[in-house]
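Reviewing the structure listed below.
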Amino acid sequence: MHWVKQLVVVVVVALAGSTAVNAVAGDPWPTLVLGTATAVLSVLAYAWVVRRTERRAPVEVARRGAVGALVRGTMVGVGLFAAVLVVIALFGGYRVIGWGSAAGAAGTLGFMAAAAVTEELLFRGILFRFVEGRIGTWGALMLSGLLFGVAHLPNPHAGLWSALAIAVEAGGMLAAAYVATRTLWVPIGLHFGWNFAEGGIFGTAVSGKSGSQGFLDGAMSGPTLLSGGGFGPEASLPALVGGLLVTALFIRLARRRGHLVPRRSRAVAPAGTDTLAR
């Protein structure tokens, strides 16, 4: 089964990179270097194993247009999180308590780059793509989103609500970004932009994990529906609403481009999908 081989290769690279990053935890510059290296090596490993197993060019991570797609995705991610935090702040759920650390933000950048790339390759590049070939776009959106939410349950301060929020606002939105563009660069940029803005710019907890250093030192307060509680802004109602709105926009774009794959379709799917899912 192609997807199992691909999963193993990417997981091995991701685990090796995670081990290296954790070994230098607290030292921002090695974290930046090792995190960036993990991101690059993960993409190269994914491209290699796709060529070997599916006998095709890995168009979803093609170099042509990659920079532009990454930049666009990152801008959307940063802008979306900033808008969410503005809403939270207007209702008293976020405030800046001081300046953070530029060096710490650089380390956070490396860490978030590795996390965004490896998670997108695993959940959208492998899981979503193969499931979509079996049960269509809508079924794959629901299943992969659910699994993405469940994968965050072991995180600190996680619970049923935070898992549901992650499944909808992140799992659904990132998969929809892939469907609309049929490239992994946009969801990678979107994922990275959101996470880096969260921890590396505004200094809030990222998926329950606090301690990320950013340019600002921020504090959350108020009820969970407003602030997300200990899990951070991702478990807030503003984040859920914002994620749903962007998901709807991506799905509308995907429909206009003819990128939606029907259930059990045996037709040739858009580039980057595998309708046979061997």
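Results for (1) surrounded by fewer than 20 Cβ atoms within 10 Å (Cβ to Cβ); (2) in a helix (DSSP H, G or I), shown as yes or no for each residue.
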position: GLY104; (1), (2): no, yes
position: ALA114; (1), (2): no, yes
position: GLU119; (1), (2): no, yes
position: PHE128; (1), (2): no, yes
position: GLY133; (1), (2): no, yes
position: TRP138; (1), (2): yes, yes
position: LEU146; (1), (2): yes, yes
position: PRO156; (1), (2): yes, no
position: GLY172; (1), (2): no, yes
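Restricted to the stretch 118-131, and to residues that are within 23 Å of GLY242 (Cβ to Cβ) and among the hydrophobic types (A, V, I, L, M, F, W, C), which residue is nearest to the chain's Cα centre (by Cα)?
Per the criteria, the residue is PHE123.
Can you tell me which residue is farthest from PRO187 (Cα to Cα) among those in the stretch 73-98 that are in contact with a helix residue (DSSP H, G or I) (Cβ under 6 Å, 6 or more places away or on another chain) and part of a loop (DSSP other than H, G, I, E, B)?
It comes out as PHE91.
Filter the stretch 30-54 for residues that are farther than 19 Å from PHE192 by Cβ and either among the hydrophobic types (A, V, I, L, M, F, W, C) or outside any helix (DSSP H, G or I) (or both) and give the result.
TRP48, VAL49, VAL50
When the stretch 68-116 is examined, which residues are found to be within 17 Å of the chain's Cα centre (by Cα) and not hydrophobic (A, V, I, L, M, F, W, C)? Give the steps one after another, and end with the answer.
Pass one, the stretch 68-116, residues within 17 Å of the chain's Cα centre (by Cα): 69-82, 84, 108-116.
The answer is ARG72, GLY73, THR74, GLY77, GLY79, THR108, GLY110.
Among the residues of the stretch 55-72, is any in a helix (DSSP H, G or I), touching a residue at least 12 places away in the same chain (Cβ under 8 Å) and over 19 Å from LEU190 (Cα atoms)?
Among the residues of the stretch 55-72, not one is in a helix (DSSP H, G or I), touching a residue at least 12 places away in the same chain (Cβ under 8 Å) and over 19 Å from LEU190 (Cα atoms), which makes the answer no.
Condition first: surrounded by fewer than 24 Cβ atoms within 10 Å (Cβ to Cβ), assigned to a loop (DSSP other than H, G, I, E, B) and in contact with a His (Cβ under 6 Å, 6 or more places away or on another chain). Can you find one or more residues in the stretch 208-224 that meet it?
yes
If I ask for residues that are of a type in the set (A, V, I, L, M, F, W, C) and either buried (at least 24 other Cβ atoms within 10 Å of the Cβ) or part of a loop (DSSP other than H, G, I, E, B) (or both), which ones from the stretch 175-196 would you list?
Of everything in the stretch 175-196, those that are of a type in the set (A, V, I, L, M, F, W, C) and either buried (at least 24 other Cβ atoms within 10 Å of the Cβ) or part of a loop (DSSP other than H, G, I, E, B) (or both) turn out to be ALA175, ALA176, ALA177, VAL179, LEU184, TRP185, VAL186, ILE188, LEU190, PHE192, TRP194, PHE196.
All but one of (1) under 28 Å from VAL40 (Cα atoms); (2) polar (S, T, N, Q); (3) touching a Ser or Thr at 6+ places or on another chain (Cβ under 9 Å) hold for THR183; state the number of the condition that does not hold.
With (1) under 28 Å from VAL40 (Cα atoms); (2) polar (S, T, N, Q); (3) touching a Ser or Thr at 6+ places or on another chain (Cβ under 9 Å) applied to THR183, the lone miss is (3).
Return the pairs, sorted by first residue and then second, in which the second residue is aromatic (Phe, Trp, Tyr) and outside any loop (DSSP other than H, G, I, E, B), the first residue lies in the stretch 250-278 and is modelled with pLDDT of 95 or more, the beta carbons are less than 8 Å apart, and the residues are 6+ apart or on different chains.
Between residues of the stretch 250-278 that are modelled with pLDDT of 95 or more and residues that are aromatic (Phe, Trp, Tyr) and outside any loop (DSSP other than H, G, I, E, B), the close pairs are LEU260/TRP138.
The values are calculated or read from the model by the stated rules, or taken from the named source; none is laboratory data. What you see is a predicted model, and the numbers here were worked out from it, not measured in a lab. No Cβ is skipped: glycine too gets one built from the backbone with ideal geometry, and neighbour counts run over all protein chains shown.
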